[in-house]
Amino acid sequence: MDFKERYRQLFYTCRHVLTEPKKVWKDEAAGLSPQALLKNFYLPLVVLVGVGVFLGQLIFSSQFLLSYALAKSLREVVSYLLQYFMAVYLLNELLTGFGGEKNKEAVSRLVAYSFLPFLLMSFVVGLFPGLYALGVLGLYGIYLFVQGVKESLVLPLENQNRYTMVGLLLIFLIFLLLNVFSWKLLQAFYGYGA
């Protein structure tokens, strides 16, 4: 698959996930492997976020600091990658505690697709920092997560809501801890405006 075709497929998948989430979960029952999902879907979006943050920092910052823009974009990329891996591992392990079966493929899709709105809004806000209020649109990812749990995970019906709530709380805690830590680390090197 060439570069142009790969990104056409990425755009189609993003549009499909955002506009028809219920259909996506049903169609993707035998979808991509976790490695292919990471390589062809999640990683290109994370790199796009990093590029957006880098360019936004260079264009809209009052001071031109290439190293700071690079560090800030690298922070964003590493943070999203760690969030993905930690969430997939922990949510997969959590399944057995709620009477379900471990399914790394389904959990990988659940995490990657539910992070999509957050990634897109991070790109927009990174590129245009003045539009930070649009970041709230990333909360659509919560709806995608809820639908994904219902449609793609094998859980007893009575445990789906509890798993969803615990999973969302877990993802939020991972996000909070990684971002606070990485922000403090960035401030240690660039204390003036991190």
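The values are calculated or read from the model by the stated rules, or taken from the named source; none is laboratory data. This structure is a prediction, so every number in the text was calculated from the model and none was measured. Positions of Cβ are generated from backbone atoms using ideal geometry, with glycine treated the same way; all protein chains shown enter the neighbour counts. Please note that ligands, DNA and RNA were not included when accessible areas were found on the heavy atoms of the full protein model with its side chains. Shrake-Rupley method; radii C 1.70, N 1.55, O 1.52, S 1.80 Å.
In straight Cα distance, which aspartates and glutamates are under 14 Å from Lys184, not counting same-chain residues fewer than 8 positions off? Reachable aspartates and glutamates: Glu76.
In this structure, the amide hydrogen of Phe98, modeled 1.01 Å from its nitrogen in the peptide plane, lies closer than 5 angstrom to no residue at least 5 positions away or on a different chain.
Full extension of the chain between Lys104 and Glu158 gives 17.3 nm of extra length, using 0.36 nm per residue less the Cα-Cα distance. The order of Ile142, Ile171, Ile59 by accessible area, most exposed first and with a 1.4 Å probe, is Ile59, Ile142, Ile171. With the dipole of the chain worked out from charges on the C-beta (+1 for Lys and Arg, -1 for Asp and Glu) around the Cα centre, which of Val53, Val149, Gln35 lies farthest toward the positive end? Toward the positive end, the furthest listed residue is Val53. Fully extending the segment from Val166 to Glu5 would add 54.2 nm, taking 0.36 nm per residue of separation and subtracting the current Cα-Cα distance. The label point for Phe128 and the one for Ile59, both projected 7 Å from the Cα toward the Cβ, are 0.9 nm apart. Quick check: from the Cα gyration tensor, does segment 20-61 come out rounded (a/c under 1.5), prolate or oblate? Cα axes put segment 20-61 in the oblate bin. One decimal place: the segment Leu94-Leu176 gains 27.6 nm when fully extended, by the rule 0.36 nm per residue minus the C-alpha distance.
Its Cα centre serving as origin, segment 71-153 has a Cβ charge dipole (Lys and Arg +1, Asp and Glu -1) of approximately 140 debye. Only Lys, Arg, Asp and Glu carry charge here, each on its Cβ (+1 for the first two, -1 for the last two); on that basis the chain has a dipole of about 200 debye about its Cα centre. In order along segment 126-134, the phi-based Karplus estimate (6.51 cos²θ - 1.76 cosθ + 1.60, θ = phi - 60°) of 3J(HN,Hα) comes to x, 6, 10, x, x, 9, 4, 5, 5 Hz; Gly and Pro are listed as x. Of all lysines in the structure, the ones whose alpha carbon falls short of 26 Å from that of Lys150, not counting any fewer than 8 places away in one chain, are Lys22, Lys23, Lys26, Lys39, Lys102, Lys104. Ligands, DNA and RNA left out, the accessible area of the chain computed with a 1.4 Å probe is 68% carbon and sulfur.
The residues of segment 97-173 expose on average 49 square angstrom of accessible surface per residue, using a 1.4 Å probe on protein heavy atoms.
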